Structures are given as structure tokens and as C-alpha cells.
Amino acid sequence: MLHYPDKLRVLFPGYEVRDHRYHLVSIDNVLTVHRRPGGEFMFQLDPLQKLGPRSYARCLIDLAADLQAGYTLIVVERDRFLFHLETAAREHAAKKDSDEVERCAHVILEHTHHRIRDHLDGSDDGMFRADRMMVGYRKRGSRDTQGGTGKWNVHNGIVTPRAEQLWHAIVRDLCDVRTSHRAFAAWDRWTKANRPPMPR
């Protein structure tokens, strides 16, 4: 990715080990970021989406629809995710959905290297790549181990979701200083307005 896209989604797939094999079981908080022509950033954080036999095909179809709507997707371990999702969608698709699943799998294949990016793609700087790698291996719901002072993990006393943390690394890498500052300021305003209050 050589430039910051105007419509972006950041996905963290979740896996479970059963019978010595990985099974795709969820997509963690998906962060959607729109950048308006005037430079304004807008955010939405969708909750964890559980996946199973009845929802793999729908997830694949939704992913293809996002691509056709012009979104760029950043996916942690993209190739593993796409392999597991397509395999499970084909295996569990109802007969009436099988043609649509095949069509959507073809759409995804067409866009895999241009608009579906691995979280480590596009960075030549070792520091930025290391940031992305560390966030990619971060466990869901990681605790604040720095007493609320961590630059990446904690914001206003609340642990930052992994998708947002990865987005920070992407913005720092792909935007100039002014644009990344505007992005962070917009994110800061959004989190203050949308995070639940801390328990007293």
C-alpha cells in the first residue's frame, strides 16, 4: 500500500485450536475509517463477530461486497484468514448460496494483493514493521500493564482495541506528519465521545 486509502477496514481474525488444527471462530472488533475529501476522519468500531457454520458464507459475501464498495482491508495474517474463510464458506454453504459463494471467492481473489493487505505489507521501515508485528501478536483484551501510561495500549484509562492500535501504526507509516496528527486528533475526539465511562 503506497498511500492511505479513503475507505479502510482493519480486521483481526480469531482462531481456536481443535483436534490440532486452527479453526476460524471470530473477527475481532472491526475498525472502519473514512477519510473525507476535506481531510476529516470518521470512525466506527463494530463489536466482535462470532463465526460458525451458518455464518461463514455470509462473512465471505460481506467481504466481497466491501471490496466492490471500494474499501481497502487490512487483515492480520491475511493469507491464513482468506484460506480458512473460503474453505469454511464452501464447506458449509447452503445449496442456494453456493453460486454466490463461488462468485464472491473470485471477487476476493481478484483483489487479494491490491485491496486486501496483510498487516505487514507496504512498510520498508523496520520500526514501523516491528510495531505492526507486535500489535498483530497482541492477545485480545490485553491488560494494561503500565498503569495507564502505555502509548499504544491505553487511552483515557481504557485499553485500546487491537484494530485501533494497528490503525495507529498504519497511519504513522503511510501519512505525513500533518495528516497523521489530524487523524490522531480525530480519533481522540471520537474515543472520548464513544468510550464508556470508567467504573468508579
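The values are calculated or read from the model by the stated rules, or taken from the named source; none is laboratory data. Note that the structure is predicted; figures quoted are calculated from it, not measured. Positions of Cβ are generated from backbone atoms using ideal geometry, with glycine treated the same way; all protein chains shown enter the neighbour counts. Heads up: the accessible areas ignore ligands, DNA and RNA and are worked out on the full protein's heavy atoms, side chains in. Shrake-Rupley method; radii C 1.70, N 1.55, O 1.52, S 1.80 Å.
Please pick out the residue among Arg200, Arg182, Arg189 that is open to solvent by 40 Å² or more (accessible area, probe 1.4 Å), farther than 25 Å from Glu86 by Cα and at pLDDT below 90. Can you show your working first?
Details: Arg182 fails: at pLDDT below 90; Arg189 fails: at pLDDT below 90.
Every option except Arg200 fails the conditions.
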Residues of segment 83-98 satisfying the condition of being part of a helix (DSSP H, G or I), free of Cβ contacts under 8 Å to residues at least 60 places away in the same chain and surrounded by 20 or more Cβ atoms within 10 Å (Cβ to Cβ): Ala89
Selected residue [among the β-branched types (Val, Ile, Thr), in a helix (DSSP H, G or I) and modelled with pLDDT of 90 or more] from Ile74, Ile61: Ile61
Reported set for segment 1-54 where residues are surrounded by fewer than 17 Cβ atoms within 10 Å (Cβ to Cβ), closer than 17 Å to His119 by Cα and of a type in the set (Lys, Arg) is Lys7
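Do you know which of the residues in segment 55-82 that are charged (D, E, K, R) and open to solvent by 50 Å² or more (accessible area, probe 1.4 Å) is nearest to Arg140 (Cα to Cα)? Before the answer, list the steps.
Going residue by residue through segment 55-82, those that are charged (D, E, K, R) are 58, 62, 66, 77-80.
Those left that are additionally open to solvent by 50 Å² or more (accessible area, probe 1.4 Å): 58, 62, 77, 79-80.
On the way: Arg58: 24, Asp62: 23, Glu77: 15, Asp79: 20, Arg80: 18 Å.
In this case the residue turns out to be Glu77.
Could you please find all residues in segment 47-58 being outside any loop (DSSP other than H, G, I, E, B) and touching a Ser or Thr at 6+ places or on another chain (Cβ under 7 Å)? Reasoning before the result, please.
Quick first cut of segment 47-58, residues outside any loop (DSSP other than H, G, I, E, B) only: 49-50, 56-58.
Within segment 47-58, Gln49, Lys50 meet the criteria.
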Contacts under 8 angstrom Cβ, first residue in segment 47-65 being touching a residue at least 40 places away in the same chain (Cβ under 8 Å), partner part of a loop (DSSP other than H, G, I, E, B) and surrounded by 18 or more Cβ atoms within 10 Å (Cβ to Cβ), 6 or more apart: Ala57/Ala93
What are the residues in segment 6-35 that are at pLDDT 90 or above and outside any strand (DSSP E or B), if any? Asp6
